[in-house]
Amino acid sequence: STQRRYIGIIRDEAERMTRLIVNLLDLSRIESGEALELNREPVEISGLVQDVVERQKNYTRDHRLEVTLEGDLPIVFADRDKVQQILTNLVTNAIKYSPPGSPIAIQCSQLNGELVTLVKDEGVGINPDDRDKIFERFQRIRHHHGTHASGTGLGLYLTRHLVEAHGGRIWVESEPGHGSRFTFTLPV
């Protein structure tokens with residue numbers, strides 16, 4: 001019904017505003033030299049990935065979100081909300097920079113004592129000049145015609161800090177016109 005659709009839109013926008021406020025608070029802590037506060041607990045990544053994917057399906061009807069969980073994934077001792085924020089930022093970016101109808105893959109595996117999560121899209125890709133800068137503050141990926149996508153340019157900056165606060169690493173592999181592969185690790 002129309003009423004249910006409007007309620008869904010209001011809920012989604014309220015969640016988006018909450019994420020923005022959390023991002024700004026985290027940014028303030030980083031800028032003031034404070035460590036990000038982590039409320040660590042045992043986290044099962046497979047359930048967390050499924051939660052993020054289900055929420056993101058509300059924002060896009062045009063993309064296929066494909067999840068691959070390889071083998072028995074370990075429980076990680078992490079801040080559930082922060083890991084959810086990491087995944088949400090990466091999947092949201094993949095949707096934003098990918099053409100309608102294209103698949104977005106989220107893959108999790110264990111390798112060398114680390115939980116490895118990959119978010120892969122078939123979008124516009126990233127210029128080599130931009131790849132080094134995208135994890136910096138206020139950087140946004142340029143479209144192939146030179147314009148920037150909407151956003152604050154804080155998502156990947158905060159994502160990098162959140163990953164590193166957990167003792168993990170994050171990197172990107174990308175070529176213009178051939179999509180991007182963002183990978184992050186969390187120690188097991």
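The values are calculated or read from the model by the stated rules, or taken from the named source; none is laboratory data. Since we're looking at a predicted model, the values are computed, not measured. We place every Cβ from the backbone using ideal geometry, glycine too, and count neighbours over all the protein chains shown. Ligands, DNA and RNA are excluded from the accessible area calculation, which covers all protein heavy atoms including side chains. Shrake-Rupley method; radii C 1.70, N 1.55, O 1.52, S 1.80 Å.
Expected output is a single nm value to one decimal: the length gained when fully extending between residue 55 and residue 24, i.e. 0.36 nm times separation in residues minus the C-alpha distance. What is it?
On the way: separation 31, 0.36 × 31 = 11.16 nm, distance 2.14 nm.
Fully extending the segment from residue 55 to residue 24 adds 9.0 nm.
Please name whichever of 42, 154, 3 sits farthest to the positive end of the charge dipole of the chain, dipole taken about the Cα centre and charges placed at Cβ: Lys and Arg +1, Asp and Glu -1.
Ranked along the dipole, the leading option is 3.
For the pair residue 178/residue 110, report the inter-label distance in nm, with labels modelled 7 Å from Cα in the Cβ direction.
Placing both labels 7 Å along Cα→Cβ, they lie 3.3 nm apart.
Please give the Cα centre distance for region 153-188 versus region 1-15, rounded to the nearest Å.
Centre-to-centre (Cα) distance: 31 Å.
Give the label of the value calculated from the structure for Rg and Dmax of the Cα atoms in Å, choosing from [x] 16.3, 50; [y] 28.0, 84; [z] 17.1, 56.
So the calculated entry is the one marked [x].
In whole percent, how big is the carbon plus sulfur part of the accessible area of the chain, probe 1.4 Å, protein atoms only?
Values: 4980 of 10210 Å².
The C+S portion of the solvent-accessible surface of the chain is 49 percent.
Once you place label points 7 Å from the Cα toward the Cβ at residue 164 and residue 133, how far apart are they in nm?
Modelled inter-label distance: 1.9 nm.
Can you give the helix-only mean residue ellipticity at 222 nm for the chain, where every DSSP H stretch with n ≥ 4 adds -39500 (n - 2.57) and the sum goes over all residues, rounded to the nearest 500 deg cm²/dmol? Walk me through the numbers on the way to the answer.
Details: 5 runs with 75 residues, N = 188.
After summing the helix terms and dividing by residue count, I get -13000 deg cm²/dmol.
What's the ranking of 123-136, 67-80 by average number of surrounding C-beta atoms within 10 Å, highest first? Write down the numbers at each step before the final one.
Details: 123-136: 16.6, 67-80: 14.9.
Taking the mean over residues of other Cβ atoms within 10 Å, the ranking is 123-136, 67-80.
For region 1-129, what is the accessible area per residue in Å² when the probe is 1.4 Å? Can you show the working numbers first?
On the way: 7210 Å² over 129 residues.
Spelled out: the 1.4 Å probe surface of region 1-129, per residue, equals 56 Å².
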